[in-house]
Structure formats: C-alpha cells, structure tokens
Amino acid sequence: MSSRWPSLMKRRTLAEYLDISEAAVERQVIAGTLPAPITFAGRAHWRKDQVDAALARLSGEGEIPDYRAERMRKYG
C-alpha cells in the first residue's frame with residue numbers, strides 16, 4: 001500500500017499536507033519551524049521525513065531544531 005504523500009513534496013503539496021497556505025509554509029521556513037527545501041530537478045522540494053520530524057519535535061518529542069541556525073552554519 002503506497003502513501004498518498006510523496007517522499008519529496010513541492011510547496012503546494014506540503015501546504016496541503018500541513019493544511020496551511022503556501023504563504024504559511026514560507027513563513028514557517030523563515031521562522032525556522034520547518035526545514036528549508038532541497039533543490040531536486042531544478043525545483044524546491046521538502047523531504048517528508050524531515051517535515052514529519054519537525055512536527056514530532058513541535059508536539060514534544062525532542063528538541064525543536066532551529067533550521068535557520070543550521071542553514072547559516074552550512075551556507076554562511
């Protein structure tokens with residue numbers, strides 16, 4: 001049985017998955033609540049496993065990562 005949600009999601013699919021607007025997805029990425037997208041096939045995609053991990057942390061299963069700090073360490 002395959003999942004309805006793909007391993008990599010474009011912004012529109014992620015917004016639907018989270019039941020929020022595409023603008024809200026962007027705000028949550030900027031805020032560091034959601035991970036930044038990766039580039040795949042020339043377009044921004046989010047990894048479902050990273051999004052699920054961020055949601056688990058938000059619900060109390062571990063520390064909430066600051067993706068902004070991680071991105072700054074990685075890209076300066």
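The values are calculated or read from the model by the stated rules, or taken from the named source; none is laboratory data. Nothing here was measured: the structure is a model prediction, and the numbers come from that model. Virtual Cβ from ideal backbone geometry, glycine too; neighbours counted across all protein chains shown. Heads up: the accessible areas ignore ligands, DNA and RNA and are worked out on the full protein's heavy atoms, side chains in. Shrake-Rupley method; radii C 1.70, N 1.55, O 1.52, S 1.80 Å.
Observations on the structure shown:
- HN-Hα J in Hz across segment 54-59 - Karplus 6.51, -1.76, 1.60, θ = phi - 60°, x for Gly and Pro: 5, 5, 4, 5, 4, 8
- The largest accessible area among T33, T39 belongs to the first residue in T39, T33, and the rest follow in falling order (1.4 Å probe, all chains).
- Each of R12 and A44 was given a label point 7 Å from its Cα along the Cα-to-Cβ line. The distance between the two points is 1.5 nm.
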